[in-house]
Amino acid sequence: MEIPRILIAALRGGSGKTILSIGIIAALTKLGKSIAPFKKGPDYIDAGWLALAADRPCYNLDSFLLRPKDNFQSFLYHSSDCSVSVIEGNRGLFDGIDLEGSTSTAELAKLLQCPVVLCVDCTKITRTMAAVVMGCSLFDADVMVKAVILNRVANPRHEKKLRDSIEHYCDIPVIGAIPKLDHQHFPERHLGLVPTSEHDWAIEAIDAIAKVAEQYLDLDAILKISQQAPLLKTEDGGQKTEDRGQGSEFRSQRPENQSFYRKSRIQHRVSYDKGTETSSQEPATSRQQPVSSERHPAPRIGVIRDSAFQFYYPENIDALSDGGAEVIFISPLRDRNLPKLDALYIGGGFPETHAQQLADNASFSRQLKALADDGLPIYAECGGLMYLGKKLVLEGNAYPMVGVLPVAFDFYKKPQGHGYTIITVQGENPYFDVGTEIRGHEFHYSRVSDWTGNENDLVFHMKRGVGITKDRDGIVYKNVLATYTHVHALGTPGWAGALIRNAVKFKDSR
């Protein structure tokens, strides 16, 4: 397949590659190009900005969470109808969790045979940057470093020294030089950008950085590099590796080819007209509806999605729809009542930034708790876990939450859990077989301040990561399973099937 593509990498985190990637995507989109955005790693926030810039979902590619084959096929499928694919890397180009760099941006570039454009922070450096760039270009001969973009350049004289040094010693072209920008278009929270759904001026911010890209980058050179990418040979589905996170009854159901990568037509974005969000309690009518009949109608699975709960991989929503469920988007920030549901999925986010609003919606909380007590299947991740607890404590103020789980949370300035996780399922639960190993990731500034539950209700053992308490995670209550760990449907293919199965069972029991 001929897929024009580039990967934006950097020497370290904080070099400006996210803003640069957003600018390139937005500028190329303004030129009439259809851009397929991808984010390397498990990040939700950067992916949200990239999706908004491209006006289509951004898909994550992750060599820890997903098999190489899954990354490759996902990239092929979601790139198939676009002019150019743009991948934003993470951390430094060669950074990973092991000595070999098996989870690095470089390894993804090699898997996809993708040309790399290196974004370098030029603060207080000139000729030495040529040595750094040369080191990156020679460190692994299979990584194709094709160009450099200078960021945070002080003045034209500074730019000329950098450009001359890099092009002379490295024989790698410099295709852009961005000065230090006075205005901060993208305010940061925690370790990354503020989520798009919490930034009222998101569209204006993207337009502004697109103008920066138009002014300071050689967009023609970027397109030319993308078009020089080698042809990709499609795979026939014969690769065999370990199963991840699926019970034995689901192993025969795992889709292996493009049926699992059906293009998402759900609009995974927020409307910024007057700062409002998308309407809630609406089925995903823009997707092909699941096959059903009067005798066997599709189970209705609710997804809480708003500015408090926005961290969802598009593949996770797709997997529910593709598995036969009708997906209903709801929001405790707006909805006073819950629609009729057969299951509920609550993703991550920042409920702490909306603690008062969530606490004020007592009607929604009461109905949700009653449904959980009645056996409604609920799968909750991170922010969803916190929402189902008793309360959030922020700066000495307590905000009551749903109260399904006997746990309270407080918050800290530094992450209390951050990174990839490996979980062993040790206790009975509605979603995963005992003995299953799950790969995921966690990122939270909250920590359990009060736990009054039974230790046997924590069904996950953390082989890697922090979890809830004492290397344990995964609180079970009836058909509720709540965890700090986020999973990706491609890396944990049994997850969607289990939630749908429980939804059907609950539906049939009523």
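Could you give the length gained by full extension between ALA154 and GLN356, i.e. 0.36 nm per residue of separation minus their alpha carbon distance, to one decimal place?
On the way: separation 202, 0.36 × 202 = 72.72 nm, distance 4.36 nm.
Between ALA154 and GLN356, full extension yields an extra 68.4 nm.
Collect residues whose amide H, placed 1.01 Å from N in the peptide plane, falls under 5 Å from the amide H of SER449; neighbours closer than 5 in sequence don't count.
ALA408, PHE409, ASP410
What distance in nm separates the two pseudo spin-label positions at GLN215 and LEU31, each 7 Å out from Cα along the beta-carbon direction?
Roughly 1.9 nm, to one decimal.
Along the Cα→Cβ direction, 7 angstrom out, place labels at ARG366 and LEU138. What is the inter-label distance in nm?
7.2
Which ³J(HN,Hα) values in Hz, rounded to whole numbers, follow from the phi angles of segment 105-113 under the Karplus curve 6.51 cos²θ - 1.76 cosθ + 1.60, where θ = phi - 60° and Gly and Pro get x?
Along segment 105-113, the couplings run 4, 4, 5, 5, 4, 5, 4, 9, 6 Hz.
Amide H neighbours of GLY41 under 5 Å, at least 5 residues apart or on other chains, H built in the peptide plane: list them.
Long-range HN contacts for GLY41: LEU61, ASP62, SER63.
Could you work out how much longer the chain between LYS180 and THR452 gets when fully extended? Use 0.36 nm per residue separation minus the Cα distance between them, nm to one decimal.
Numbers: separation 272, 0.36 × 272 = 97.92 nm, distance 5.13 nm.
Extra length from LYS180 to THR452 when fully extended: 92.8 nm.
Return one whole number: the accessible area per residue of segment 1-89 in Å², for a 1.4 Å probe.
On the way: 2000 Å² over 89 residues.
Normalised by residue count, the accessible surface of segment 1-89 is 22 Å².
Identify, among GLY435, VAL402, SER363, the residue whose Cα sits farthest towards the positive end of the charge dipole of segment 354-510, taking +1 on the Cβ of Lys and Arg and -1 on the Cβ of Asp and Glu, with the dipole about the Cα centre.
Positive-end residue among those listed: SER363.
So if R0 is 25 Å, what FRET efficiency would ALA398 and TYR477 give, r being the distance between their Cβ atoms, rounded to the nearest 0.05? Could the numbers behind the result be given before it?
Details: r = 21 Å, r/R0 = 0.85.
Working from the Cβ atoms, E equals 0.70.
By how many nm would the segment from THR469 to ALA208 grow when fully extended, if each residue of separation counts as 0.36 nm and the alpha-carbon distance is taken off?
Values: separation 261, 0.36 × 261 = 93.96 nm, distance 4.39 nm.
89.6 nm is the gain from fully extending THR469 to ALA208.
In nm, to one decimal, how far is the modelled label at THR126 from the one at ILE97, with both set 7 Å along Cα→Cβ?
4.3
Toward the positive end of the charge dipole of segment 26-147, about the Cα centre and with charges on Cβ (Lys, Arg +1; Asp, Glu -1), which of TYR77, ILE125, GLY96 goes farthest?
Sorting the options by dipole projection puts first ILE125.
Once the Cα atoms of segment 1-130 are picked out, what are the Rg and Dmax in Å?
For segment 1-130, the Cα radius of gyration and maximum Cα-Cα distance read 14.2, 43 Å.
How do the peptides 160-167, 401-408 rank, highest first, by the average count of neighbouring beta carbon atoms within 10 Å per residue?
The peptides rank, most packed first, as 401-408, 160-167.
Given a 1.4 Å probe and every protein chain left where it sits, what share in percent of the accessible area of segment 319-453 is carbon and sulfur? Could you put the intermediate results ahead of the total?
On the way: 2180 of 4730 Å².
Carbon-and-sulfur percentage of accessible area, whole number: 46.
Antiparallel as a % of all DSSP beta bridges within segment 333-422, to the nearest 5? Mind showing how you got there, number by number?
Numbers: 4 of 10 bridges.
Roughly 40 percent of the DSSP beta bridges within segment 333-422 come out antiparallel.
Each residue of segment 219-230 in order: what ³J(HN,Hα) in whole Hz does its phi give by Karplus 6.51 cos²θ - 1.76 cosθ + 1.60, θ = phi - 60°, with x for Gly and Pro?
5, 5, 5, 4, 4, 4, 4, 4, 6, 8, 4, x
Once phi is turned into ³J(HN,Hα) by the Karplus curve 6.51 cos²θ - 1.76 cosθ + 1.60 with θ = phi - 60°, what whole-Hz value does each residue of segment 60-76 show in order, with x for glycine and proline?
Using θ = phi - 60°, the values come out as 8, 10, 8, 7, 8, 6, 10, 5, x, 4, 5, 4, 5, 5, 4, 4, 4 Hz.
Check which residues have an amide H placed less than 5 Å from GLY92's amide H, if you skip close sequence neighbours.
Result for GLY92 returns GLY13.
The values are calculated or read from the model by the stated rules, or taken from the named source; none is laboratory data. In this text, all values refer to a predicted model and were calculated from it rather than measured experimentally. Neighbour counts run over all protein chains shown; Cβ positions are idealised from the backbone, glycine included. Just so you know, the surface numbers come from the protein's heavy atoms only, side chains and all, with ligands and any DNA or RNA stripped out. Shrake-Rupley method; radii C 1.70, N 1.55, O 1.52, S 1.80 Å.
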